[in-house]
Amino acid sequence: MINFFLLILIYSGIYALMAIGQNIITGYGGMLSLCQAGFFAIGSYTTAILATKLGWSFWATLPAAAILSALFGLLIGLPTLRLKGDYLAIATLGFGEIVRNVLNNWDSLTNGPMGIQKIPMPDLFGFVINPYRKYAFLVMVILFVVIAYLLFQRLARSRMGRALAAVREDEIAAQSMGINITKYKVYAFVLGASVAGIAGSLQAVFSLSVTPGTYTFMVSVMVLCMVVLGGMGNFKAAILGTFIIQLISYFPQLTGLSSVIPPQFKQILFGLILVVMMIWRPQGLLGREERTYGGSTERKGGKR
Amino acid sequence: MILLETEALTRAYGGVVAVNKVDFQVESGLITGLIGPNGAGKTTLFNNITGLDTPSKGRVFFNNKDITGFPAHKICRMGIARTFQNIRLFKDLSVVENVMIGRHFKTGRDETKGRFVNALKSYVYLKREEQEIYEKADSWLDFFEMGQFKNELAKNLPYGKQRELEIARALATEPQLLFLDEPAAGMNPQETEHLMAIIRKIRDLGITVVLIEHDMKLVMNICDTITVLNYGQKLAQGTPREIKHNSSVIEAYLGKEEE
C-alpha cells in the first residue's frame, strides 16, 4: 500500500514537470497546446536510445533530452504560432501524434512497437537510484520538481512573465508596447517543451523501458486537465492539480476496488470534474497568481 | 522641425483604397489633430504609421529615418507610442501591471542574453529590476492621479479612467511621439475637460501628440495644427482657425449648400 502510494507520488512528480511546462505555454502565454505527450516521448526516447545504444550515463542524457525537446518545441512553435485557439490545438495535437507514429515505425532506431528495454538505472557517485527502491527515486523526482518550480516561478515573476501575460491578454496592444510577441511565444514553447523532455527522461529511467503506447494523446489531455483543475497561470496550482488527477486515476487500485470499478471509470470522473469545475470554479482551485504592489512586502497567491 | 512624415502613403484593401497618397507631417513639440468623417481613413493611417498594418505604397519617415514596414514593437522602441479607439487594456491585469508592461523594453538591460539567463540571475538582481520597473510605473500613475487604483484590475476601472490608463501605459514607454486614437470617445464633458488638461501636460513634457478626435470643441481648443482627411485623401491642413473656415472641410462634414 505504501509502495503504491509512493508510485503515485513519483508519477505525480513526473507529470508535475509536464504540467509546469504546460502552464507556461497555456497559463501564461494563453496558447492552447496539446503536444506535451510529444515532448515527453522525445525526452524518454532520447534517454533510452543514448543510454542503451551509446552507453551514456543518465545525467548526460538528461540535458540532451531537454535540448532535443526544446529544439522540437522551436520547430513546432515557429510555424504554428500564427495560429490561435482551436487551430493551434489541432496543429499541436497533430505534432504529438506524428511523434508517436514515427516512434512506432522507425524500427531501426526505436525498435517499433516493442519499444526499448533494459535502460540502465541512474546512479549518483556510485549510489544507484533503483526505481524499485522508491524512496530514493522519489527524492530525485521531488528535487527536479522543486528546481523546475523555482526557476519557472522566477521567470514568471519577472519581465518575461508580464510580457507573456500581455501577449495572452491582447496581442495587438502588447506589440504596441514594444513586446516582440513572436519571440515570447516561442520562448514559452521552448521552455515548456524542455521541461516536458526532462519529465520524459525521468519516466524512461523509472519504468526502465519505453514503448510508444505510453505517449498517447490522452497524456496531453491529462496534463492540460491538471493545469486547468489547479488554476491557470499558477505553478503551485499546476502541481496541486497534478497530484489530485493522479490520485483520482489510481483511485480504484488505491481503494482496492479495481475488481469492481472498471478502468474506464477514471475517464468518467475526469469529465465530471472538469464539467463541475467549469461551472463553479472556472479559474481553477487556486486561481491565477495575483501580485499586489506598493507595500514593502509583496503578498503572493490568493484568489480573484 | 518635422518629427514624422508620410510620403504618398497608400493603403488599399483589394479595391478599397482606405488611405490614398497622403502626405502627413507632424511638427515636433506641437499637438496635431487628425479629423475627418467616419471611414475617412484616420485610424488606417495611424495603423500604417505604427506598424500594425503595412502600407501598400509610400513611405513613413521618423526623425528622417525610413521606418516603412517595421514591425510594431520596433516602432514602439524607436519612440512612437499609441492608444486605441476601442480600449485595448490588459483587462485581467492590475492597473499598475498595465503600466509596468509599458516599461518592458526600457529595463531590458540584457535583452541580447535572453530570458533564460535572467532566470538564473540572482534573486537580488531580479528584485531590484522589478522594483525599478514598479517605481517608474507608479510615478506615471501619480502623473494621472490614479495611484489609489493601482492594484485594481484594469477592467474594473470606470470608463474614463480606462482611457487615461491607456495613455499612461503608452507614456511609460517614454515616447517622443504619442498617437491618441479618439481619446475622448464616450467621455462626459467633465472627463473631456480633464483629458484636455492632461494632453496639455503631456505636451509640456516635450512629447509631440497626434490625436484623432470627433469632439470638435476639444480639437479646436488644444490642437496647434489640424489635418483633415476625407475618403482616404488629405483635404486640408492648417491652424484650427483656417480649418474652421475652409469651405471644402465644411462641405465634407455638412454637405454642399444648395445653389
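The values are calculated or read from the model by the stated rules, or taken from the named source; none is laboratory data. In this text the structure is predicted, and so the values were computed from the model without any measurement. Because the Cβ atoms are built from the backbone with ideal geometry, glycine has one as well, and the counts that use them run over all protein chains shown. With ligands, DNA and RNA removed, areas are computed over all heavy atoms of the protein, side chains included. Shrake-Rupley method; radii C 1.70, N 1.55, O 1.52, S 1.80 Å.
With respect to the conditions (1) touching a residue at least 60 places away in the same chain (Cβ under 8 Å); (2) in a helix (DSSP H, G or I); (3) buried (at least 19 other Cβ atoms within 10 Å of the Cβ), B:Lys155 lacks only one, and its number is (3). Among strands (runs of 3 or more DSSP E) entirely within the range B:25-102, having at least 2 residues that are within 9 Å of chain A (Cβ to nearest Cβ) and either crowded, with 22+ Cβ neighbours inside 10 Å or of a type in the set (Lys, Arg) (or both) singles out B:80-82.
Within the range A:142-158, restricting attention to residues that are surrounded by fewer than 23 Cβ atoms within 10 Å (Cβ to Cβ) and within 7 Å of chain B (Cβ to nearest Cβ), the residue that is farthest from B:Ala168 (Cα to Cα) is A:Leu151.
With open to solvent by 70 Å² or more (accessible area, probe 1.4 Å), of a type in the set (D, E, K, R) and either touching a residue at least 24 places away in the same chain (Cβ under 8 Å) or touching a strand residue (DSSP E or B) at 6+ places or on another chain (Cβ under 8 Å) (or both) as the only criterion, which of A:Lys118, A:Lys134 stands out? Give the derivation first.
Numbers: A:Lys134 fails: open to solvent by 70 Å² or more (accessible area, probe 1.4 Å).
Exactly one residue qualifies, and that residue is A:Lys118.
State whether one or more residues within the range B:166-173 are at pLDDT below 90, touching a helix residue (DSSP H, G or I) at 6+ places or on another chain (Cβ under 8 Å) and assigned to a helix (DSSP H, G or I). Among the residues of the range B:166-173, not one is at pLDDT below 90, touching a helix residue (DSSP H, G or I) at 6+ places or on another chain (Cβ under 8 Å) and assigned to a helix (DSSP H, G or I), which makes the answer no.
So which residues in the range B:191-222 are within 30 Å of B:Val16 (Cα to Cα) and open to solvent by 10 Å² or more (accessible area, probe 1.4 Å)? So that I can check it myself, show each step before the final result.
Kept after step one, since they are within 30 Å of B:Val16 (Cα to Cα), are these residues of the range B:191-222: B:209-216, B:219.
Of everything in the range B:191-222, those that are within 30 Å of B:Val16 (Cα to Cα) and open to solvent by 10 Å² or more (accessible area, probe 1.4 Å) turn out to be B:His214, B:Asp215, B:Met216.
Considering only residues of the range A:175-188 that are out of contact with any Leu (no Cβ under 7 Å at 6 or more places or on another chain) and more than 7 Å from chain B (Cβ to nearest Cβ), which is surrounded by the fewest Cβ atoms within 10 Å (Cβ to Cβ)? Checked the range A:175-188; the qualifying residue surrounded by the fewest Cβ atoms within 10 Å (Cβ to Cβ) is A:Lys183. Contact map, the range A:245-271: first residue open to solvent by 50 Å² or more (accessible area, probe 1.4 Å), second residue part of a helix (DSSP H, G or I) and hydroxyl-bearing (Ser, Thr, Tyr), Cβ cut-off under 7 Å, separation 6 or more or different chains; pairs are A:Lys266/A:Ser249. Take the conditions (1) within 30 Å of A:Thr80 (Cβ to Cβ); (2) away from chain B (no Cβ under 14 Å); (3) among the β-branched types (Val, Ile, Thr); A:Val139 misses just one of them, which is (1).
In the range B:15-24, the qualifying residues are those that are touching a helix residue (DSSP H, G or I) at 6+ places or on another chain (Cβ under 8 Å) and part of a strand (DSSP E or B), and the one that is most open to solvent (accessible area, probe 1.4 Å) is B:Ala18.
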